[in-house]
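The block underneath contains the structure these notes are about, expressed in structure tokens.
None of the figures in this text is laboratory data; all of them are computed from the coordinates on show. These figures come from a predicted structure and were not determined experimentally. Cβ placement follows ideal geometry from the backbone for every residue including glycine, while neighbour counts extend to all protein chains displayed.
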Amino acid sequence: MSSEPILQVVRGDPTPEELAAVVAVVTARLSAAAVPADPDRASGRASDWATYWRHARRPLHPGPGRWRASAHP
């Protein structure tokens, strides 16, 4: 491991809380950049969870007496 500091305070006298906040933000940004992109989102394909509604119910067919038929599978 390198002995050089990753972050260096150039001006001012930050409190330990301010330094912790900066380290948390930088760490979160670096870890978010390291995560590979979701292949489903990259291809534009919706995930199975997003398309479950297509299988949740049958299409509606309006017409006389259809409200009675809607109660029967």
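Taking 35 Å as R0, compute the FRET efficiency from the Cβ-Cβ separation of Leu19 and Leu60 and round it to 0.05. Don't skip to the answer; put the middle values down first.
Values: r = 60 Å, r/R0 = 1.71.
Calculated value: 0.05.
Can you tally the net charge around Val9? Count Lys and Arg as +1, Asp and Glu as -1, for every other residue whose Cβ sits under 15 Å from the Cβ of Val9.
-3
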